[in-house]
1. Tell me, please, whether a residue that is in contact with a helix residue (DSSP H, G or I) (Cβ under 6 Å, 6 or more places away or on another chain), surrounded by 18 or more Cβ atoms within 10 Å (Cβ to Cβ) and at pLDDT 95 or above can be found in segment 348-357.
2. Give segment 345-396 a look and list any residue that's assigned to a strand (DSSP E or B), hydroxyl-bearing (Ser, Thr, Tyr) and within 15 Å of Trp70 (Cα to Cα), or say none.
3. Cβ-Cβ distance below 7 Å, separation of 6 or more or different chains: which pairs start in segment 82-96 with a residue that is assigned by TED's automatic domain parsing to the domain that holds Val38 and acidic (Asp, Glu) and end on one that is crowded, with 21+ Cβ neighbours inside 10 Å and in a loop (DSSP other than H, G, I, E, B)?
4. Which one of these is surrounded by 13 or more Cβ atoms within 10 Å (Cβ to Cβ) and more than 28 Å from Cys307 (Cβ to Cβ): Leu252, Leu260, Leu229, Leu256?
5. Are there any pairs, at least 6 apart or on different chains, whose C-beta atoms fall under 7 Å, with the first in segment 227-250 and closer than 10 Å to Asn263 by Cα and assigned by TED's automatic domain parsing to the domain that holds Ala275 and the second assigned to a loop (DSSP other than H, G, I, E, B) and charged (D, E, K, R), and if so, which?
6. So, Gln16, is that one polar (S, T, N, Q), crowded, with 18+ Cβ neighbours inside 10 Å and within 23 Å of Asn120 (Cβ to Cβ) or not?
7. Among the candidates Gly153, Gly158, single out the residue that is farther than 18 Å from Val138 by Cα and at pLDDT below 90.
8. Counting only residues that are out of contact with any Lys or Arg (no Cβ under 7 Å at 6 or more places or on another chain) and either farther than 17 Å from Asp331 by Cα or not in a helix (DSSP H, G or I) (or both), which one in segment 284-297 is modelled with the lowest pLDDT?
Amino acid sequence: MTFSTELASLQGPALQQGFAALCERADSVQETLLLDLVRRNADSRFGREHGFARIASIDDFRRQVPLRDWNEIEPYVTALVEGEPDALTQGQPVSRFVMTSGTTGKPKLIPANEATQTANGVTMALRLLGVLRDHPEVLQGDILALANAPVAGQTAQGIPYGSASGMTMTRAPAELQRRFAYPPAVLEIKDPVSRVYAMLRFALERDLTLAIGNNPLNFTQLFDQLPILAEAFIADIASGTVSTPTPLPADLHRRLEAGLQPNPERAAELRALDALTARSVWPNLRLIVCWKTGLMGRFLADLAERCPPGTVFREYGYGASEGLLTIPMSDATSAGVLAIHSLFFEFLPEETPQTPDAPTLLAHELEVGQRYQLILTSAAGLYRYCLGDLIEVTGFQGRAPLVMFLRKVGDVLNLLGEKLDARQVAMAMEAAQSAAGAAIRHFQWVADESSLSYELCVEPAATADEAVWRRLVESFDRELRTLSYGYDLRRGNGTFKPPRLRLMRAGWLEALSQRGGYQAKPKIVGYQLAEPDLTEGFVSPTDPTTGA
């Protein structure tokens, strides 16, 4: 029996106490978890190729298995897709693939089996217990949970693939599923516009107290549809129908309408409102659980304006398609304790090159305040997989670290050694917005390798004159110089000229989101501007020597 299956047999306070007990001996828990994985998978192809039968310690594992990225994992995953069940694990067949939703390139298919799904279920239960401990009032109403389809298709071997969010939703406890604001069949709608319409149409008949979804931008975009589609929503609620913008398959349409009844009273309530907004239609919304960490925080203020006064935002938790990685501890922090029952974790210090034999640290060996690259080993056969994420340690629960996601390791721009990372850019923009009095919907700091120059691209959230935008780019430039010695040095000696501001037309953020699917995370640093045809105009600093 694994740690996850032991915890899965517990509920409520007993589950929390069981996990807390594991944290007190995180070092031995992690070692036991790893050696159990190695033993059980010794006869897999990967296990045979890497001498799992000879591994008796963590050090043995490090020597036998090099660090690897997706390029080294993908051939084994391809073998799984093509029908080799023991390519990565032995006797634990893939039950589904989790399809990533990256903003570029071909989506990855991350293997999942019953062990990983049990482990993720325990992690999600621990997250929900924390929410209910701190906010018991949310049980007085209903839940809006944003998700993608749990099954988007099947491989040639008949193995389903779909989104992690949809899978989590379908495996939620029955008492929570009864409170969901829309039926699971909504996630079967292929057209994203129609899926959003259906989510809102059902949710408008519910008394929402809790909303859950990883990306806060998705909530903002969802809520912005309320006034636009108000008449259609009200007509559907009055008649007990679902009239999506694009026609649905007959069977799906029939299932969606099966439990509906005309509701003229609710329709009248909505029609009497000045406007349909999240604030007006769901006045009892108390809590939104979403990403607050990394660069997602820049979307929270915009979302808060749409919600009832006093709505609390709580960290959803750090995770990826490869697994749920942390359990948030409170509303006040984005840090969470590592899911030590679920995955085996290793870490590289921030500046350490990712080489196959790079020496790693274990979870209990980390230091508070330090940053590390995350490496994981999962029950589905991702062995010593470099996730490409940078995390920071904020504390410990017992011997298990509390960590916070900072950014992707690749979110760094480096034309001439300045190494500007996305967090520095985000901090500079926050200060610049305040100094200039500008309202920004989205921005991106773009490096041009051909001209060795930078450009600040901005989609305004409100109109402003040219002087405001000039103050913004000048303030941004000054602030970034205080945050980055390398950038300041090159601005000071004239290597980098003052950046110009590129104003983008309304709709740029939506265009970037649609490029990567429903859960896309538009970047704020890059080497190439996406959607350049949405450019409105340019603003240059008044004085080319500003801040020099």
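1. no
2. Once the filter is applied, which keeps residues that are assigned to a strand (DSSP E or B), hydroxyl-bearing (Ser, Thr, Tyr) and within 15 Å of Trp70 (Cα to Cα), segment 345-396 yields Thr377, Tyr385.
3. Pairs found: Asp86/Ser44.
4. It is Leu252.
5. The qualifying pairs are Ile237/Glu205.
6. In short, yes.
7. Gly153
8. Across segment 284-297, the extreme among qualifying residues is Thr293.
The values are calculated or read from the model by the stated rules, or taken from the named source; none is laboratory data. Small disclaimer: the values here were computed from a predicted structure and weren't measured. Note: ideal-geometry Cβ built from the backbone for every residue, glycine included; neighbour counts use all protein chains shown.
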